[in-house]
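Participant: Handing you a structure now.
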Amino acid sequence: MPEIDISEIGGFRVRYDARKKVFYLYDNNNKEVDKEGFSSQEKAEARAKALMKNEIKLKDFQCLLCRYDSVYIGRVTSLNFEEGFCWFVEDNGDSYRRDRSKQLLRHNSVFIFTPANRIVYEKITSLRSEIKELENQISELIKTIADPLTEESYRKIKTAPKAQPNLMEEITKGVEENAKTG
(Lines give C-alpha, C1' and ligand atoms only; values in the text may rest on other atoms or scores of the structure.)
Protein backbone atom coordinates (compact mmCIF):
# COMPACT_ATOMS: atom_id res chain seq x y z
CA MET A 1 0.00 0.00 0.00
CA PRO A 2 1.51 3.35 -1.00
CA GLU A 3 2.01 6.28 1.29
CA ILE A 4 -0.95 8.61 1.79
CA ASP A 5 -0.62 12.41 1.86
CA ILE A 6 -1.84 13.63 5.26
CA SER A 7 -0.97 17.32 5.48
CA GLU A 8 1.26 20.08 4.16
CA ILE A 9 3.04 22.65 6.29
CA GLY A 10 5.06 25.42 4.65
CA GLY A 11 6.31 23.34 1.75
CA PHE A 12 6.80 20.17 3.82
CA ARG A 13 4.48 17.22 3.25
CA VAL A 14 3.49 14.69 5.88
CA ARG A 15 2.74 11.26 4.46
CA TYR A 16 1.54 8.11 6.20
CA ASP A 17 2.69 4.58 5.40
CA ALA A 18 -0.19 2.36 6.58
CA ARG A 19 1.82 -0.84 6.14
CA LYS A 20 4.64 0.33 8.44
CA LYS A 21 2.34 2.57 10.53
CA VAL A 22 4.85 5.42 10.29
CA PHE A 23 4.57 9.08 9.31
CA TYR A 24 7.23 10.51 6.97
CA LEU A 25 8.15 14.11 6.29
CA TYR A 26 9.20 15.29 2.81
CA ASP A 27 10.67 18.64 1.79
CA ASN A 28 9.57 20.61 -1.27
CA ASN A 29 12.03 18.60 -3.42
CA ASN A 30 10.24 15.39 -2.41
CA LYS A 31 13.26 14.35 -0.34
CA GLU A 32 12.62 12.42 2.84
CA VAL A 33 13.65 14.59 5.82
CA ASP A 34 13.98 11.80 8.37
CA LYS A 35 14.52 8.23 7.12
CA GLU A 36 13.21 6.62 10.33
CA GLY A 37 9.91 8.46 10.25
CA PHE A 38 7.69 9.58 13.12
CA SER A 39 5.30 7.69 15.37
CA SER A 40 2.59 10.37 15.06
CA GLN A 41 1.36 13.04 12.70
CA GLU A 42 1.91 15.65 15.43
CA LYS A 43 5.60 14.76 15.74
CA ALA A 44 6.10 14.97 11.97
CA GLU A 45 4.33 18.34 11.84
CA ALA A 46 6.35 19.61 14.83
CA ARG A 47 9.56 18.69 12.98
CA ALA A 48 8.32 20.55 9.88
CA LYS A 49 7.57 23.64 11.99
CA ALA A 50 11.01 23.45 13.61
CA LEU A 51 12.65 23.24 10.19
CA MET A 52 10.57 26.17 8.93
CA LYS A 53 11.58 28.20 11.98
CA ASN A 54 15.25 27.46 11.35
CA GLU A 55 15.07 28.20 7.64
CA ILE A 56 15.71 31.89 7.42
CA LYS A 57 13.69 33.49 4.68
CA LEU A 58 15.51 36.60 3.70
CA LYS A 59 15.62 39.36 1.25
CA ASP A 60 17.88 37.60 -1.21
CA PHE A 61 21.42 38.87 -1.50
CA GLN A 62 24.20 38.43 -4.02
CA CYS A 63 26.68 35.61 -3.57
CA LEU A 64 29.21 33.66 -5.56
CA LEU A 65 28.98 29.92 -6.03
CA CYS A 66 32.33 28.24 -6.72
CA ARG A 67 32.13 24.76 -8.19
CA TYR A 68 35.13 22.95 -9.60
CA ASP A 69 36.85 25.62 -11.72
CA SER A 70 33.73 27.72 -12.36
CA VAL A 71 32.31 30.70 -10.51
CA TYR A 72 28.65 31.72 -10.76
CA ILE A 73 27.08 34.93 -9.54
CA GLY A 74 23.62 34.68 -8.09
CA ARG A 75 21.49 35.10 -5.02
CA VAL A 76 20.90 33.19 -1.82
CA THR A 77 17.17 33.14 -1.20
CA SER A 78 17.07 31.25 2.10
CA LEU A 79 19.34 29.68 4.70
CA ASN A 80 18.96 26.76 7.08
CA PHE A 81 21.83 26.60 9.54
CA GLU A 82 20.38 23.62 11.45
CA GLU A 83 20.38 21.45 8.33
CA GLY A 84 23.45 23.23 6.93
CA PHE A 85 22.29 24.43 3.53
CA CYS A 86 21.16 27.45 1.55
CA TRP A 87 19.18 27.91 -1.64
CA PHE A 88 21.18 29.52 -4.47
CA VAL A 89 19.68 30.94 -7.67
CA GLU A 90 22.13 31.69 -10.46
CA ASP A 91 21.98 35.11 -12.14
CA ASN A 92 21.57 34.55 -15.85
CA GLY A 93 22.05 37.98 -17.39
CA ASP A 94 18.99 40.17 -16.89
CA SER A 95 16.82 37.45 -15.41
CA TYR A 96 17.29 34.69 -12.89
CA ARG A 97 17.03 31.04 -13.79
CA ARG A 98 13.84 29.45 -12.59
CA ASP A 99 15.56 26.55 -10.93
CA ARG A 100 17.49 26.87 -7.75
CA SER A 101 20.09 24.65 -6.21
CA LYS A 102 20.51 23.47 -2.67
CA GLN A 103 24.08 24.13 -1.53
CA LEU A 104 25.58 22.49 1.52
CA LEU A 105 27.31 25.08 3.68
CA ARG A 106 29.97 22.61 4.85
CA HIS A 107 31.45 22.57 1.34
CA ASN A 108 32.35 26.27 1.60
CA SER A 109 31.22 26.81 -1.99
CA VAL A 110 28.99 29.87 -1.45
CA PHE A 111 30.67 33.20 -0.77
CA ILE A 112 29.27 36.64 0.01
CA PHE A 113 29.71 39.05 -2.89
CA THR A 114 31.98 41.54 -1.08
CA PRO A 115 33.94 44.29 -2.85
CA ALA A 116 37.09 42.14 -2.59
CA ASN A 117 35.27 39.10 -4.01
CA ARG A 118 33.87 41.30 -6.79
CA ILE A 119 37.43 42.14 -7.87
CA VAL A 120 38.35 38.45 -7.92
CA TYR A 121 35.15 37.60 -9.84
CA GLU A 122 35.84 40.32 -12.42
CA LYS A 123 39.43 39.07 -12.86
CA ILE A 124 38.16 35.49 -13.34
CA THR A 125 35.60 36.75 -15.87
CA SER A 126 38.31 38.69 -17.70
CA LEU A 127 40.62 35.66 -17.79
CA ARG A 128 37.77 33.47 -19.05
CA SER A 129 37.21 35.97 -21.89
CA GLU A 130 40.91 35.87 -22.74
CA ILE A 131 40.85 32.07 -22.70
CA LYS A 132 37.81 32.06 -25.00
CA GLU A 133 39.54 34.49 -27.37
CA LEU A 134 42.71 32.36 -27.39
CA GLU A 135 40.64 29.23 -28.06
CA ASN A 136 38.96 31.02 -30.98
CA GLN A 137 42.37 32.06 -32.35
CA ILE A 138 43.63 28.49 -32.02
CA SER A 139 40.55 27.19 -33.84
CA GLU A 140 41.13 29.67 -36.67
CA LEU A 141 44.81 28.74 -36.91
CA ILE A 142 43.95 25.05 -37.03
CA LYS A 143 41.71 25.77 -40.02
CA THR A 144 44.75 27.20 -41.89
CA ILE A 145 46.82 24.02 -41.59
CA ALA A 146 47.21 22.63 -45.09
CA ASP A 147 48.41 19.50 -46.83
CA PRO A 148 46.51 16.70 -45.14
CA LEU A 149 48.07 13.27 -45.18
CA THR A 150 46.54 11.29 -47.97
CA GLU A 151 47.77 8.37 -49.99
CA GLU A 152 48.72 10.77 -52.80
CA SER A 153 50.58 13.20 -50.53
CA TYR A 154 52.40 10.31 -48.89
CA ARG A 155 53.60 9.05 -52.30
CA LYS A 156 54.90 12.53 -53.12
CA ILE A 157 56.87 12.73 -49.89
CA LYS A 158 58.15 9.18 -50.24
CA THR A 159 59.38 9.66 -53.80
CA ALA A 160 60.70 13.21 -53.45
CA PRO A 161 64.42 13.42 -52.81
CA LYS A 162 64.59 14.94 -49.32
CA ALA A 163 62.26 17.76 -50.41
CA GLN A 164 60.86 18.17 -46.91
CA PRO A 165 63.46 19.09 -44.29
CA ASN A 166 63.21 17.20 -41.05
CA LEU A 167 61.55 19.86 -38.92
CA MET A 168 62.27 18.11 -35.63
CA GLU A 169 66.00 18.13 -36.39
CA GLU A 170 65.85 21.87 -37.19
CA ILE A 171 63.89 22.65 -34.02
CA THR A 172 66.26 20.59 -31.87
CA LYS A 173 69.29 22.24 -33.46
CA GLY A 174 67.78 25.70 -32.86
CA VAL A 175 67.03 24.94 -29.18
CA GLU A 176 70.58 23.64 -28.66
CA GLU A 177 72.08 26.75 -30.27
CA ASN A 178 69.92 29.04 -28.10
CA ALA A 179 71.00 27.13 -25.00
CA LYS A 180 74.69 27.66 -25.87
CA THR A 181 74.27 31.39 -26.58
CA GLY A 182 71.64 32.05 -23.85
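Participant: Step by step: first the residues of the stretch 101-116, then only those that are touching a Phe, Trp or Tyr at 6+ places or on another chain (Cβ under 8 Å) and not in a strand (DSSP E or B), then the one that is surrounded by the most Cβ atoms within 10 Å (Cβ to Cβ). Which residue is that?
Facilitator: PHE113
Participant: What strands (runs of 3 or more DSSP E) lie completely within the stretch 1-100 and have 3 or more residues being farther than 30 Å from PHE111 by Cα and modelled with pLDDT of 80 or more?
Facilitator: Passing ranges, in order: 4-9, 12-17, 22-26.
Participant: When the residues of the stretch 31-46 are filtered to those that are among the acidic types (Asp, Glu) and over 32 Å from the mean Cα position of the chain (by Cα), which remaining residue is farthest from VAL14 (Cα to Cα)?
Facilitator: For the stretch 31-46, the residue satisfying everything is GLU42.
Participant: Can you give me the number of residues within the stretch 158-175 that are assigned to a helix (DSSP H, G or I) and either at pLDDT below 70 or surrounded by 10 or more Cβ atoms within 10 Å (Cβ to Cβ) (or both)?
Facilitator: 9
Participant: Kindly indicate whether ARG155 is part of a helix (DSSP H, G or I), more than 24 Å from VAL71 (Cα to Cα) and modelled with pLDDT under 95.
Facilitator: Judged against the criteria, ARG155 is a match.
Participant: Restricting to the stretch 117-148, what's the tally of residues that are touching a strand residue (DSSP E or B) at 6+ places or on another chain (Cβ under 7 Å) and surrounded by fewer than 10 Cβ atoms within 10 Å (Cβ to Cβ)?
Facilitator: Within the stretch 117-148, residues that are touching a strand residue (DSSP E or B) at 6+ places or on another chain (Cβ under 7 Å) and surrounded by fewer than 10 Cβ atoms within 10 Å (Cβ to Cβ) number 0.
The values are calculated or read from the model by the stated rules, or taken from the named source; none is laboratory data. If you're wondering where the values come from, they're calculated on a predicted model, not measured in any experiment. Please note: Cβ atoms are built from the backbone with ideal geometry, for glycine as well, and neighbour counts cover all protein chains shown.
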